[in-house]
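J.: Would you mind keeping the following structure in view while I ask a few things?
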C-alpha cells in the first residue's frame, strides 16, 4: 500500500536525511555561471504542515528529535502571500505573483488588475532560448501551472487555458516556429480539458480536440504509465544522448482530472511527483546539453521548470491530515531528487515556496498540550476516495442502515484504522455523506484529526506567511521575509530575462473564454 511504500522509503533512503549536505561549489562556467532554474511550489503548504510531517517521521521512524527534513535544511526565510484585492490569496493570484512578479486579483491567471496579460518568467525564458517545463499533480490547466504559460481573467476558464498551453498562436509565440509553444514539457493530470465534449473522457464545453492538435503541432503525447516508463529508455549508454534529446515537445497527462493523492496512488497507473520530476530533469538537461558529458550547448542557456506539489493543498481543503501528510512526504522526496540533480549540475538553482497555507492547521487542540502523530499511520485512503465510494455505494439513498454498516465494517476499521469507534463517529460520517462530497470529506478528516488532536480553522486558505527554501547556485542570495512578488523578481533576475518584452508580445492574446459559465465550487 502507499503508506507502506512511504515508510520503507523513509527508513532506507539516505538522501532523505540531508542535514550534512552543503551547497555545491559554483560551477566553472563563463559569465555568472548560472544555467538552470528549478522553481517548486508546495501548494497550500504551511509551516505547521512541515511540523506535522517532521514529527510523524521522527516518531514513526525513530528519528532523533533534532532530525530535520530535506526542506528544513534549506530554509532561508518566509514568503508573504497576499493578492492585490485581499489579504488571503488564492492559487491563481499567488502563482501570478511568482510568474509575473506582479499582484493580481484572486482568480486571475497571469493578468494585471486591469485584465491585461502580463508576461511570465517562463514565457520570457522561452523568448531567450531556455527550454521550459511544467510538472504538477493537478490538472495541467489548473491555476498554478496555468499562471506560468497562459492568461485568463478567471482560473476556471480551463478550456481557454488548455488551448493556450498547446496553441502557439494564442500565446503569441508563433515566432518560435510551427508547433513550438512556450512549454516544451508538460507532465500532470487534466486530460479531459484536451478532449472534445463528445469524448467519453472529455470535459470541454466545445468539440475542440486539443490532444490531436498537440500531436499535429509536434507534441509527443503520453496518457499511460507504460508510455511514461518507456519514454527515454535507452538500450545502452552509447545511444542515451540521442534518445534523451529526441522527444520534445512532450505533453504527458496521466489522469482525466487531478492525479491521485499519494496515499491512493496506484503505481501501476500513475507516476509519482518525484518520478515525473526525475524524468523531466533528465529530458530537459539532455535537451540543453550538446554531449553526454553535460557540456553546455552554445545555443541554449539552460532550462526553467516549475514543479508543483498540488494535492497538498487539496488535502488541506478537505481537512484530511493523512492525505496531507503523504503528499508532503512525496514532495520531500521530489526535493531530494532535485537536490541530487543539483549536486551533479552545480550551475542550477532550486527555489521552493508555497503560494499560501490551506486549512489553518494547528498541531494540538484544547485543552491538552499534545498531539498524536501515530494516529495517522494506519490510515489507508484519502477522505476523497472514501467519500466517493460512499456516494456510489449501493442503496445509499434508500437504506441508511446499509451506509452505516459500511462505515462501521469497512471505512473506520479498514480505511482509517479505527477499531474503537463511537456511535457518534459513525453517525457524523453517514449524515455528512448524505449532504454531499465536501461535508463528507470534512467529517472523515475530522474523525482522524480529533483523535490525533489536530485542529483546522477553515476549509479554505489562510493569510499566513509560508516557508521559503533554496539550494544550489546563488541560493545564499535569498534571505529574510519576502513578498511573493519579490520571489518572482528574484526568478526573473536569476534568469536575466525581460518580462516587459514578453508582455508586449501578448497584446493580442485573448483572456476571456467564449461562452464561459462560472462553475459552482
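J.: Tell me which of these residue 447 doesn't satisfy, since it passes every other one: (1) buried (at least 17 other Cβ atoms within 10 Å of the Cβ); (2) under 24 Å from the mean Cα position of the chain (by Cα); (3) in a helix (DSSP H, G or I).
T.: (2)
J.: Pick from 135, 76: which is crowded, with 23+ Cβ neighbours inside 10 Å and at pLDDT 95 or above?
T.: 135
J.: Do we find a residue being closer than 24 Å to residue 70 by Cβ, in contact with a helix residue (DSSP H, G or I) (Cβ under 7 Å, 6 or more places away or on another chain), buried (at least 16 other Cβ atoms within 10 Å of the Cβ) and outside the structural domain of residue 137 (by TED's automatic domain parsing) anywhere in the stretch 378-400?
T.: Yes, because at least one residue in the stretch 378-400 is closer than 24 Å to residue 70 by Cβ, in contact with a helix residue (DSSP H, G or I) (Cβ under 7 Å, 6 or more places away or on another chain), buried (at least 16 other Cβ atoms within 10 Å of the Cβ) and outside the structural domain of residue 137 (by TED's automatic domain parsing).
J.: Just one of 262, 207 is assigned to a loop (DSSP other than H, G, I, E, B), modelled with pLDDT of 90 or more, in contact with a strand residue (DSSP E or B) (Cβ under 9 Å, 6 or more places away or on another chain) and in the same structural domain as residue 190 (by TED's automatic domain parsing); which is it?
T.: 262
J.: Now for a separate question. Can you say whether residue 468 is buried (at least 22 other Cβ atoms within 10 Å of the Cβ), at pLDDT below 95 and not in a loop (DSSP other than H, G, I, E, B), as far as the supplied structure shows?
T.: No.
J.: May I ask you to say which residue of 97, 152, 101, 93 is closer than 27 Å to residue 210 by Cα and in contact with a helix residue (DSSP H, G or I) (Cβ under 8 Å, 6 or more places away or on another chain)?
T.: Just a single option satisfies the conditions, and that option is 152.
The values are calculated or read from the model by the stated rules, or taken from the named source; none is laboratory data. What you are looking at is a predicted structure, and each value in this text was computed from that prediction instead of being measured. Using ideal geometry, Cβ is built from the backbone for each residue, glycine included, and neighbour counts are taken over all protein chains shown.
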